[in-house]
Structure formats: C-alpha cells, structure tokens
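Inspection log for the structure reproduced underneath, given as structure tokens.
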Amino acid sequence: MTRKIIIDTDPGQDDAVAILLALASPEDFDVLGIVAVNGNVGLAQNAKNALTVVELSGRTDIPVYAGCERPMRRPLVSGAHVHGPTGLDGPDLPDPTIRLQEQHGVDFIIETLRREEPGTVTLCTLGPLTNIAMALVKAPDIAARVRELVMMGGAYFEVGNITPAAEFNIYVDPEAADIVLTSGIPIVMIPLDVTHGVLSFQDRLDGFAGLGNKAGKAVAEMLTFSQRFDLDKYGSEGAPLHDPCVIAWLLKPGLFEGRQINVTIETASELTLGMTVADYWRITDRPKNVLYLRSADDKGFYALLNERLARLP
Ligand code: BDR
Ligand code: CA
C-alpha cells in the first residue's frame, strides 16, 4: 500500500536527496505535494530549489507550493554558510521550467488534511516547522487527522549544530517546534544523534556518482559541496546526511532504533534557545510525545539510497 505524504522542506542538498529518495519510490509513496519553507536560505530560493529537484527527478506531476517566509516570532537565520548562497550549490542544474502552485503552502496542508480520510496523510518535515505550526494555528482540527509526522530535527547526545545547544531546524523556529510537539500528533523525531551516524564517506559519494544517471551525479556533486563545512568542523572522514533519514525511516523502519519519550523545546533561555530537552532516560513523568530515534544501520541506509536513486533519470 502506498503511503500518502506531504514533504515540507528547505532544500538544501540533503533535503534534495530526501526528495529524490521519495520520488524514486512510487510503490511506497503517493507524494501529494512538496511545500517550501524559509530555512537553509530564503523562501523564494528554497521554493525554486524544490522545483529544480522535482524536475531532476522527472516527476514533474508533483505540485510544489511556497509556505512561510519567516519564522513565527524570530528573525531569519540562514544556513547558507553550509549549503552555499543558492542552498543547492554543487551541481550545475538548469533553472526549473515547472512553476509553483498559486495556493499558499499552509492552506494546501490544511485543505489536504481536511480532504483526505483522517489518519491517512503523513507529514515529512525536513526544515524548520513554521508551515506546520501555522497550519495548526489556523486550523487546529487538522492535528487529529494527521497519520504521523516524521521530522528531521533536534539532538540530545550530539547536542547542537547551529549553537552549542540547538539543532538548526528547531533553532530557526523554536515556537513552531513547540506548537508541533505539543499538538498531540504522533511524532517520529530523527535527531543529529542518528544523522551523525550515517556519514557520506568518499566511497559512498563515488557510489552515487557511479550510478550512471543524472540524479546520481547531481547527488554526488551536491554532497561534495555541502560536506566541506562539516568535514572541517568535525574533522571526520564523511559528513552527516540528515534529511534522507526521514524518508528512509518510512521505507525501512527496521534500519533505525529508538524509544518513546518526552521531548520539550526550550523557547525562553537565550543560551539554550531551541534545545530539544529529551527525557531519554525517562526521569520525569512528562507525557511521551515522540518516538525518538537514536541510531541507524548506516550500511543499510546507503544501500537503500543507492538502490532507489539508481531508478531515476
Ligand atoms: C538540518 O539543517 C539543515 O541545514 C539540513 O538541511 C537539515 O535539515 C540539519 O541540522
Ligand atoms: Ca533541511
């Protein structure tokens, strides 16, 4: 049975790989739409990047929407120092010929959840949670209609990547993350603790380049660009590959391990703003609101990526 999904994203090279993985898996996913959000770079560029990636996949039937231009309460925070000024630096990809849908992304999310049978639509979030939180503010009834929300965001054992205490997607819009985590939607959280265990070693990048298709070459070039920042920062042989873990979990949950816990977002302290305070050891009696993943089988993850990306043009 295919699973209906909406991908909310700020592409981003790793977002792009996640989108390609989903679009390469039509027997598993019915992608109802892709919604761009402000994040790695500004909304307009992220939306353009989403169109570029859809075109690269050959799945130009997938509608792409633009969502929110800024976080709910905070000024913009950029990830351009990692992803480059376009957010998708690396490959030389043509400007997209397909166009954005006119409807606002938040309204698309609301309308889709109200139209589809309750409990059938999964939200996959690869960026800050602004669009989802705005949809929940505008239409609280949709919370009960979501099958589950699978997010890349947060960290506990690895702590932070944009500040010493916070992961980028949560830090950019902590109020939005707080709204989502307290919404009652069943949530799977894929934090840095997982993504820092699936490193894109050179032989893995060579594997993508050697797939013999346009998508594989573009993925290798994208990740070669985006990894330079992390290789330098962490002194490791390969960089974390964050967002594709969301799609991989839906395809093969057996590749991941985790447990049901409470996660609460820090929205007040300047020092630890956006921290995901994860009660991993179940010290408190706060309600368990998240399936918190902690590790992944990295070999299985890259094998899945190779197998699926090989199907694309
Ligand atoms: C997250 O931040 C972004 O830069 C990546 O695309 C990923 O979603 C990792 O912290
Ligand atoms: Ca992202």
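The values are calculated or read from the model by the stated rules, or taken from the named source; none is laboratory data. These numbers come from a predicted model, not from an experiment. Note: ideal-geometry Cβ built from the backbone for every residue, glycine included; neighbour counts use all protein chains shown. Please note that ligands, DNA and RNA were not included when accessible areas were found on the heavy atoms of the full protein model with its side chains. Shrake-Rupley method; radii C 1.70, N 1.55, O 1.52, S 1.80 Å.
Descriptive notes on the structure:
- A search for C-beta distances below 6 Å between a residue of segment 81-104 that is more than 9 Å from G12 (Cα to Cα) and any residue that is away from ligand 1 (no atom under 16 Å from the Cβ) and of a type in the set (S, T, Y), counting only pairs 6+ apart in sequence or on different chains, returns I98/T60; Q101/Y65.
- Number of residues in segment 64-85 that are part of a loop (DSSP other than H, G, I, E, B), closer than 23 Å to T112 by Cα and either open to solvent by 30 Å² or more (accessible area, probe 1.4 Å) or hydrophobic (A, V, I, L, M, F, W, C) (or both) equals 4.
- Of the residues making up segment 17-36, those that are more than 9 Å from ligand 2 (Cβ to nearest atom) and outside any strand (DSSP E or B) are V17, I19, L20, L21, A22, L23, A24, S25, P26, E27, D28.
- Segment 59-74, residues that are in contact (Cβ under 8 Å) with a residue 24 or more places away in the chain and of a type outside the set (A, V, I, L, M): R59, T60, P63, Y65, G67, C68, E69, R70, P71, R73, R74
- In this structure, T224 qualifies as modelled with pLDDT of 95 or more, over 18 Å from E167 (Cα atoms) and open to solvent by 50 Å² or more (accessible area, probe 1.4 Å).
- Considering residues of segment 255-313 that are open to solvent by less than 80 Å² (accessible area, probe 1.4 Å) and among the basic types (K, R) only, the residue nearest to G197 (Cα to Cα): R259
- Between V188, V159, V172, the distinction of being on the phi > 0 side of the Ramachandran plot and not charged (D, E, K, R) belongs to V159 only.
- Selected residue (only one of A50, A44 is open to solvent by 30 Å² or more (accessible area, probe 1.4 Å) and part of a helix (DSSP H, G or I)): A44
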